[in-house]
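Trainee: Please find one structure pasted underneath; my questions will follow.
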Amino acid sequence: MQDRPNRPGGAGATHADFFNIENLKPPEKPPQRSFIPFEAGDEEGGEESLLTCADGRTWKLSLGPYCEGVWRIRLAGAMPADDGTSQGSRHIPSSWAVLPPDDIDAGMPAYEGAAPILDGTEVRSGNCFIGDWKYSESALRFSMRIRTGSRRASGNMRVFGLGEKMGLLERSGRVWEMWNTDEPVQTPTQDPLYVSIPFVLCRMDMQWFGLFVDNPARQYWDTRDCERGKITVDAEDGYLDIYLVRGDGPREIVRRYTALTGLPPLPPLWSLGYHQSRYSYMNQQEVVDTAAQFRANDLPADVIHLDIDYMDGYRVFTWDPERFPEPETMCRELHAMGFRVVTIVDPGVKCDRDYSVYSEGEKKGFFCLLPDGTVYRGSVWPGTASFPDFSRKDVRTWWAEQHVELFSAGVAGIWNDMNEPADFTGNPVYRPDFTVPDELQVQNEGEPGDFRRFHNLYGSAMNAAAREAFEIHRPEERGFIISRAGYAGVQRFAGIWTGDNTSWWEHLAAEIPMILNLGISGIALTGADVGGFQEDASAQLYARWFAFGAFTPYFRNHTEKGTAAHEPWTFGAQTLEIARHYLRLRYALLPYLYTAFYQASSAGEPVVKPLLFEWPDDQRLETMDNQYLFGDAFMVAPVVRPNKIRRDVYLPEGRWYGFWDDTVEEGETDLLAPAPITRLPLWVRGGSIIPHEEPRLHTDEARSSVLLVDIYPDSTGAAEGLLYADDEEGWEYRSGVYCLLRFSYSMNTLTIEMKHRGFHPQWDTLEVHLHRGSHRRPEDGSSRSGSTADPLRLDSDHMELPRPFAGGGAGVSTFSYPFKAGSMRLD
Ligand code: GLC
């Protein structure tokens with residue numbers, strides 16, 4: 001195994017170095033600064049106020065509607081206008097995150113409540129107040145508070161979101177830092193990680209708000225006073241653009257925030273299949289053989305990833321001539337087996353004048369510069385490396401063009417890594433400094449500045465370049481980009497995978513709140529390395545993680561150099577069977593999952609979401625980080641602890657059906673659900689209609705002409721569901737070439753309504769399963785198991801796999817019809 005310089009302690013570091021406390025720069029959270037408060041100036045009024053500091057500086061505070069349900073509050077240094085009569089504000093760089101109001105997809109319901117008002121130094125919306133402005137030489141600070149009538153009663157506040165963070169679903173009780181960091185030691189309180197999204201969804205007493213602070217400089221969010229109704233934000237910059245988002249509850253607020261920062265493109269269907277990766281498949285034969293093993297084991301899969309060893313000496317956009325001599329042939333062979341190839345791309349370009357990407361980039365002046373105007377040289381996988389200045393349009397286009405080396409060989413997707421950016425010459429122990437120097441100069445489209453202000457944007461800008469690569473080289477394709485780093489709005493270009501986790505049960509558990517909060521923060525395409533990246537997974541951990549991974553938006557197995565194999569067949573026959581079972585289920589549900597992604601790309605709806613989206617008044621759900629909704633119909637309660645044969649579950653209001661046995665429960669109920677190793681605890685929400693199909697081995701394989709539809713009526717006997725279908729690739733859906741069907745069921749009649757008819761789906765027959773469910777016998781919390789067999793054993797001869805959709809067993813009636821719009825009786 002080669003050196004891993006991006007490990008604590010750096011290249012060649014020993015365990016002792018890692019724990020050498022001398023190496024640690026003490027994190028200052030937030031740094032101790034003396035802030036000067038503002039007061040209202042003389043010229044306040046209307047939508048603008050002038051604020052004055054004790055030191056005499058003036059600032060302009062303005063409030064204005066931005067788009068439906070969203071208001072912008074801007075604080076910037078005031079400047080005397082030419083005529084001396086009024087005041088303008090200092091220049092604010094254009095936003096990378098927020099779309100111009102005219103480009104924001106409408107279709108959002110009107111905001112019914114009163115507009116916020118600017119009152120002296122404060123913005124007020126209901127009982128929420130934004131103000132308490134302060135500044136220091138290096139930062140601006142403000143607070144958002146609840147003010148209740150009584151002096152003694154303080155309001156109660158709960159916050160969610162903040163992008164990719166360790167910890168729980170609810171984010172109160174600490175200071176969070178916004179600074180993209182290559183952090184492989186993901187202990188429970190480690191912060192920051194790779195992605196910075198300064199957005200919270202917030203409940204203040206009984207009202208919901210969204211708060212987005214659009215400033216890519218370092219920020220600190222202090223949520224320690226949430227119980228006293230207050231959060232405080234510092235941004236290390238000289239302006240603040242704050243967006244206050246209002247709406248009718250969490251779902252609408254998140255949809256509005258996502259529309260504000262840009263809806264994600266619809267991923268091609270193949271990218272919602274299974275992805276296999278490892279660091280690294282070392283030569284092209286190994287890649288082809290791995291793919292062949294999937295087919296030999298009858299395992300559905302669509303994608304194989306190539307980590308850095310496909311490159312020639314880690315030179316980005318090259319192929320190793322010895323180990324990958326014929327990438328085109330390899331991609332062709334893989335394609336013939338139904339596999340697409342995704343290659344990793346790192347931003348650090350090896351400083352080697354005989355290498356065209358470097359020599360051209362250097363000649364054109366495309367790399368980030370030191371303040372003295374020389375090219376900065378850091379160090380990444382290839383050794384000494386320079387970093388393209390992605391803040392420039394011409395550099396992004398140049399980078400996009402380089403992808404031809406990959407695309408011409410047949411690569412279908414791009415995996416952007418190390419784009420915080422990680423730099424091994426930084427501090428290997430205090431990881432926020434494991435990056436390029438803050439003093440580097442970036443051009444930022446005529447709005448130059450130092451890297452400090454661009455750091456959090458670097459990953460997003462690299463992803464924008466990769467998007468452009470698809471536009472240039474593969475204009476007919478939607479492209480697929482998955483990234484490690486990003487800032488608010490990154491969803492317009494790429495999905496996010498959660499980086500270097502470990503094969504720990506704790507990381508399996510941590511993934512749930514992490515992807516839920518990423519969803520709240522606008523990113524629908526998310527997932528973690530299934531099985532864990534660092535260390536070796538046990539068979540039990542792997543089986544549990546695999547089943548859960550099938551119910552995450554991005555489903556990829558990956559592991560690092562030097563670990564045991566993590567392919568599904570490497571843990572024995574039983575684990576392989578479990579993996580196959582959940583792969584088949586994932587593939588069966590692709591029509592349903594694709595529809596959920598349609599809702600993400602058309603309306604900003606997350607694909608996985610916390611239960612509080614549906615039941616915002618049920619306060620138990622605000623701390624529920626081990627159960628979630630996958631699309632609208634499934635509630636998933638993964639087993640995230642070792643050696644458990646049951647899982648405690650809370651079912652919120654409404655009727656619920658056990659997915660494997662059709663037992664019916666009425667919420668609000670707590671129960672202890674059986675969870676043998678083969679079973680992912682899964683419920684279907686009563687009132688749902690789920691479209692699915694026979695699983696295929698990959699998404700290019702011919703599909704069955706039968707669309708399966710399972711109906712789970714609610715307590716009134718009604719149900720509904722959606723189905724979106726299109727070409728599964730290409731952009732024609734954007735000009736209406738798709739179909740959207742609405743299924744509704746009541747009084748024994750299923751109605752299919754064509755909401756949009758722009759495409760003919762491939763199914764011609766409809767097979768309908770109507771679930772009636774069976775009521776569970778009342779339990780007193782204990783039950784006889786009737787067996788002493790170990791339900792977790794992965795080496796026994798006999799393994800009973802649970803039956804999806806209750807296997808069409810007792811209580812399920814089946815009907816068959818031609819697949820077309822209209823009504824049909826189901827009796
Ligand atoms: C980083 C990535 C990891 C990858 C490795 C080598 O650690 O997060 O996924 O395997 O680099 O490229």
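The values are calculated or read from the model by the stated rules, or taken from the named source; none is laboratory data. Keep in mind that what you see is a predicted model, and the values were worked out from it rather than measured. In this analysis, Cβ positions are derived from the backbone assuming ideal geometry, glycine residues included, and neighbour counts consider all displayed protein chains. Protein only, heavy atoms only, side chains kept; ligands, DNA and RNA dropped before computing areas. Shrake-Rupley method; radii C 1.70, N 1.55, O 1.52, S 1.80 Å.
Trainee: Looking at the stretch 458-534, which GluC sites (Glu not before Pro) are in a loop (DSSP not H, G, I, E or B) and have at most 11 other Cβ atoms within 10 Å?
Mentor: Passing sites in the stretch 458-534 are 476.
Trainee: Only Cα pairs under 8 Å and at least 6 apart count here; give the relative contact order of the stretch 531-610 as a rounded whole percent.
Mentor: Reported relative contact order: 28 percent.
Trainee: Quick one: the Cα spread of the stretch 443-526 along its three principal axes, in angstroms, biggest first?
Mentor: Result for the stretch 443-526: principal-axis Cα extents of 47, 37, 23 Å.
Trainee: In addition: Using a cut-off of 24 Å between alpha-carbon atoms, which lysines can reach residue 230, once sequence neighbours fewer than 8 places away in the same chain are excluded?
Mentor: 29, 60, 134, 165
Trainee: Please express the shape of the stretch 607-649 as an equivalent ellipsoid: the semi-axes are the square roots of 5 times the eigenvalues of the C-alpha gyration tensor, given largest first in whole angstrom.
Mentor: For the stretch 607-649, the semi-axes come out at 21, 13, 7 Å.
Trainee: For the stretch 114-121, in order, what is each residue's ³J(HN,Hα) by Karplus, 6.51 cos²θ - 1.76 cosθ + 1.60 with θ = phi - 60°, in whole Hz (x at glycine and Pro)?
Mentor: 6, 6, x, 10, 9, 10, x, 9
Trainee: What distance in nm separates the two pseudo spin-label positions at residue 670 and residue 716, each 7 Å out from Cα along the beta-carbon direction?
Mentor: In this crude spin-label approximation the distance works out to 3.1 nm.
Trainee: Sequence gap at least 6, Cα distance under 8 Å: using those rules, report the relative contact order of the chain to the nearest whole percent.
Mentor: That works out to 11 percent.
Trainee: Residue 751 label point, 7 Å along Cα→Cβ, cut-off 13 Å on backbone N: hits in the stretch 808-827?
Mentor: Taking a point 7 Å out along Cα→Cβ of residue 751, the residues of the stretch 808-827 whose backbone N falls under 13 Å are 822-825.
Trainee: Just to be sure I understand: of the beta bridges DSSP finds with both ends in the stretch 361-518, what percent are antiparallel, rounded to 5?
Mentor: Of those bridges, close to 65 percent are antiparallel.
Trainee: Let me ask another. ³J(HN,Hα) across the stretch 668-679 via Karplus (A = 6.51, B = -1.76, C = 1.60, θ = phi - 60°), whole Hz, x for Gly/Pro?
Mentor: Going residue by residue, I get 7, 9, 9, 8, 10, 9, x, 9, x, 4, 7, 10 Hz, with x marking Gly and Pro.
Trainee: Keeping all protein chains in place, calculate the accessible area per residue for the stretch 348-412 (probe 1.4 angstrom), answer in Å².
Mentor: That works out to 38 Å² per residue.
Trainee: With a 1.4 Å probe and every protein chain left in place, work out the accessible area per residue of the stretch 185-262 in Å², rounded to a whole number.
Mentor: That works out to 23 Å² for each residue.
Trainee: At 1.4 Å probe size, with the rest of the protein present, what percent of the exposed accessible area of the chain is carbon and sulfur atoms?
Mentor: Its accessible area is 47 percent carbon and sulfur atoms.
Trainee: At a Förster radius of 45 Å, what calculated FRET efficiency corresponds to the Cβ-Cβ distance of residue 206 and residue 360, to the nearest 0.05?
Mentor: Efficiency, from the Cβ-Cβ distance: 0.15.
Trainee: Next question, about the same structure. Filter the GluC sites (Glu not before Pro) in the stretch 309-389 down to the DSSP loop ones having no more than 10 other Cβ atoms within 10 Å, then list what survives.
Mentor: Those that pass, being in a loop and sparsely packed, are 322.
Trainee: For the stretch 684-707 and the stretch 98-126, write down the distance between their C-alpha centroids in whole Å.
Mentor: 40
Trainee: Please state the charge dipole magnitude for the chain, taken about the Cα centre, from unit charges on C-beta atoms (+1 on K and R, -1 on D and E), reported in debye and rounded to the nearest 20.
Mentor: 1460
Trainee: What is the gain in length, in nm to one decimal, between residue 694 and residue 370 on full extension, counting 0.36 nm per residue of separation less the C-alpha to C-alpha distance?
Mentor: Length difference between fully extended and current span is 110.9 nm.
Trainee: Follow-up question, since we're still on this one. What is the spin-label model distance, in nm, from residue 762 to residue 727 if the labels are put 7 Å beyond Cα along the C-beta direction?
Mentor: The answer from the label model is 1.5 nm.
Trainee: A follow-up question, please. Across bins of 5 angstrom width beginning at 0, how are the C-alpha pair distances of the stretch 785-824 distributed, in whole percent?
Mentor: Here the calculated profile for the stretch 785-824 is 5, 13, 14, 13, 15, 12, 7, 5, 7, 8, 1.
Trainee: May I pose another question? Two decimals is fine: what's Rg over Rh for the chain, C-alpha atoms, Kirkwood radius as Rh?
Mentor: Value, to two decimals: 0.96.
Trainee: Taking residue 755 as the anchor, which lysines have their alpha carbon closer than 27 Å to its alpha carbon, excluding any fewer than eight residues away along the same chain?
Mentor: 609, 820
Trainee: Given an 8 Å cut-off on Cα distances and at least 6 residues of separation, report the relative contact order of the stretch 329-423 as a percent.
Mentor: 40
Trainee: Right, next: How much of the DSSP bridge set in the chain is antiparallel, in percent, rounded to the nearest 5?
Mentor: Restricted to the chain, the bridges split so that about 80 percent are antiparallel.
Trainee: Okay, next question. Report the full-extension gain for the segment residue 427 to residue 788: residue separation times 0.36 nm, less the Cα-Cα distance, to one decimal in nm.
Mentor: Once the chain is fully extended between residue 427 and residue 788, it gains 124.6 nm.
Trainee: Here's something else I'd like to know. So how far apart, in nm, are the two label points at residue 564 and residue 641 if each is 7 Å from Cα heading toward Cβ?
Mentor: Placing both labels 7 Å along Cα→Cβ, they lie 2.4 nm apart.
Trainee: Let me ask something additional. Skip the ligands, DNA and RNA, and give the accessible area per residue of the stretch 454-610 with a 1.4 Å probe, whole Å².
Mentor: Per residue, the stretch 454-610 has an accessible area of 17 Å².
Trainee: Another question about this same structure. Which lysines have a Cα lying under 24 Å from the Cα of residue 364, excluding residues fewer than 8 positions away in the same chain?
Mentor: Here the lysines satisfying the reach criterion relative to residue 364 are 350, 393.
Trainee: While we're on this one: Provide the percentage of antiparallel DSSP beta bridges, counting only those with both residues in the stretch 272-407; round to the nearest 5.
Mentor: Roughly 55 percent of the DSSP beta bridges within the stretch 272-407 come out antiparallel.
Trainee: Oh, and also: So if each residue of separation counts as 0.36 nm, and I subtract the Cα-Cα distance between residue 36 and residue 289, what length gain in nm does that give?
Mentor: Difference between extended and current length: 84.6 nm.
Trainee: Give me the log10 of I(q) over I(0) for the stretch 546-672 at q = 0.12, 0.16, 0.19 Å⁻¹, as the Debye formula computes it from C-alpha points; what are the numbers?
Mentor: Log-scaled intensity ratios, in q order: -0.56, -0.97, -1.26.
Trainee: Would you please name the trypsin sites (Lys or Arg not before Pro) within the stretch 182-240 that are DSSP coil residues with at most 14 other C-beta atoms within 10 Å of their C-beta?
Mentor: In loop regions of the stretch 182-240 (DSSP not H, G, I, E or B), the sparsely surrounded trypsin sites (Lys or Arg not before Pro) are 224.
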